[in-house]
1. Any residue in the range 106-118 that is touching a Phe, Trp or Tyr at 6+ places or on another chain (Cβ under 8 Å), under 30 Å from Glu246 (Cβ atoms) and hydrophobic (A, V, I, L, M, F, W, C)?
2. Would you confirm whether any residue within the range 118-128 is of a type in the set (Asp, Glu) and under 16 Å from Val105 (Cα atoms)?
3. Filter the range 298-335 down to the residues that are surrounded by 15 or more Cβ atoms within 10 Å (Cβ to Cβ) and among the basic types (Lys, Arg) and list them by number.
4. Cβ-Cβ under 7 Å, sequence separation 6+ or interchain: first residue in the range 125-152 and modelled with pLDDT of 85 or more, partner open to solvent by 50 Å² or more (accessible area, probe 1.4 Å) and in a helix (DSSP H, G or I). Which pairs?
5. Run down Asp143, Asp70, Asp94 and say which single residue is surrounded by 13 or more Cβ atoms within 10 Å (Cβ to Cβ) and within 40 Å of the chain's Cα centre (by Cα).
6. Out of Arg50, Arg33, I need the residue that is surrounded by 11 or more Cβ atoms within 10 Å (Cβ to Cβ), at pLDDT 85 or above and under 18 Å from Ala192 (Cβ atoms). Which one?
7. Does Leu114 satisfy the condition of being in contact (Cβ under 8 Å) with a residue 24 or more places away in the chain and assigned to a helix (DSSP H, G or I)?
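The values are calculated or read from the model by the stated rules, or taken from the named source; none is laboratory data. The model shown is predicted, which means the values in this text are computed figures rather than measured ones. Note that each Cβ is placed from the backbone with ideal geometry, even for glycine, and that neighbours are counted across all protein chains shown. Just the protein is used for accessible areas: all its heavy atoms, side chains included, with ligands, DNA and RNA removed. Shrake-Rupley method; radii C 1.70, N 1.55, O 1.52, S 1.80 Å.
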Amino acid sequence: MEEWQEVFEEWFPKELNKTYPIKVSKQYTSSQRWEIYEKLTKDQRVLVDRYRRYLINSRFMEENYLAATDWVFSDFKINPFFRTKRRQQKLYCDCGRELKVQYIVKSVKTGKTLKLGINHFAEHLHVSPAIASSIHQGMTKVDLALDELLWLKQQNIEFPERLWQEYCFALYQNRRLKNPYLPDEKLAKRVADFRKARMPIYLADHQALTQEIRHIDQQIQKQPKKSRAKRELFDDFSDELTKDVEAFLANYRTFLRKDWQSVSFDGKEHQSMAFFENFLSLLRKTKRQQTPEQQAKMETYANKQRFIQPAIYMYIWKQYCRYGFTEGFFDSIPRVMRNGFLKVLRREQRTEQPDEQRGKEEKKLITPEMWGQIAEDIRTKSVQQVVTRWEEKKYRFTNEQKQALEHYQKLEKVFHLDEETKTYLKGLL
C-alpha cells in the first residue's frame, strides 16, 4: 500500500459490511418504476430527469433516428397524473391521447414542435416501422439505466461517499506530480451532481471512478519523492472542488496540461527568475485585499501577459489573498509555479540574512557607565521610552540588562500607587 493510501485509510476508515453492488439485472414495469420514482426527493427527481434527458438526447444523436426527417429531439416530460382524475398538468400526444412520457421534437426548418408518445413516431413523423422500432428499443435502454438507479435506491444503497473522498484525495496528490494524470471532467461532474442530490451512482460510474484512482496511483508510484499530506489542506481542496466541480476541474486540467517550459528553470534561469520576481512583487502590492479595484488591476495585468492564461493568474492571486505566502498557498498552486516562487523567496532569505547579521554586529553594547545614565533617565521617563531612545542610537542590551529592565517595569507600577496603598504594601513586606 502506497503512503498516500495509508494516510487516506487513517483519515477515512472503512465501514464494515458496506459494499457497492457490482451487477443489477432488474427491469421494472412502468407502474413499478413510477411508484419508486414518486418516493424520491424533489432534488433526486430533478437529477434523474436531467440525466435521463441527456441519455435520450445521446441516443437520438448517436443512432440518427430522425436523420431522414426534418425533426430533432428537443425534450421529454413525465406525466405525474397519468390516468388519474386530475386534469391539470397532464401530458398529451398531439393526437389527443394521454401520455405517461411525452417526447418533444422540433422542426429544424420551421421551428414547429410536436409532442409525441413513444409509439407515435411512425404515425406523426412518417418514419419507417424499422426506425420506430429502433427508437422504442433505444428508449427501453434508457429506462434500464433509470431502473438501475431506482433499484439501488430501493435497496437503500447510498452515495459512495468514501470512494468520492478517495477520488478527491487522489486528485489532491495528482496535482503535485511531475507527470500527472488528466482526470475525466464529465465523470467527476456527474458523480458530484449525484452526491449533491444524495443519490447512488451508476455502477459504470462507480467502476470508472475506481479506475481513475488506479490511474493516479500508478503515476504516484513513479514519483521518487513523496510527502505526507495535511488534513486541513486536503479539506480546503475538497471543499473548493465540490463548490463548483466544473470550474474547479477546468482550472485543474489547465494546470496539468499547460506547457510550463517558458516559465520553468530548465535552461532559462534568468528569464524565469524575472517572471517569478515580477509576479511575486505584484502579489505583495495587493496586500491580500480582494477588492474590486485590486481585481481590476490583476485582470489588466493578467490579460497583458503571454506566459500563462489570465484565469491562472487570477486563481493564484485569489489563493494568495486567502493564504498569503503560507503552506496553504504553495500547496494549492501548480507545481512549477510553486517551485518558482519558492526559489525566489529562498534567494531573498539568503540575501537578507547577511544584512541582519551585519546589523547585529554593528550595534554597540551598553557599557556600565551608560547603564548609570539609564538609571538616571528612568526616574523621569518610562522604561520603554528609554529603551527605544538607546536602540535608535544603535545600542543593544544584553539578556541580563533586558531582564533587569523587565523587573523594573513591573516595579514602576508600584511607584505610581497612592500613599495609602503603599502603606498597606509595606505592611505586607
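1. First, pick out the residues of the range 106-118 that are touching a Phe, Trp or Tyr at 6+ places or on another chain (Cβ under 8 Å): 106-108, 114-118.
So of that shortlist, the ones also under 30 Å from Glu246 (Cβ atoms) come out as 106, 108.
Still in the list and also hydrophobic (A, V, I, L, M, F, W, C): 108.
Yes, that holds for at least one residue.
2. Here is the first cut: in the range 118-128, the residues of a type in the set (Asp, Glu) are 123.
From what's left, under 16 Å from Val105 (Cα atoms): 123.
Yes, the range 118-128 contains at least one residue that is of a type in the set (Asp, Glu) and under 16 Å from Val105 (Cα atoms).
3. Arg322, Arg335
4. Close Cβ pairs satisfying both conditions: Ser134/Glu63; Gly138/Arg59; Gly138/Glu63; Val142/Leu55; Val142/Arg59; Ala145/Leu55.
5. Answer to the check: Asp143.
6. Values: Arg33 fails: under 18 Å from Ala192 (Cβ atoms).
Unique residue meeting the criteria: Arg50.
7. On the way: in contact (Cβ under 8 Å) with a residue 24 or more places away in the chain: yes; assigned to a helix (DSSP H, G or I): no.
When the stated conditions are applied, Leu114 does not pass them.
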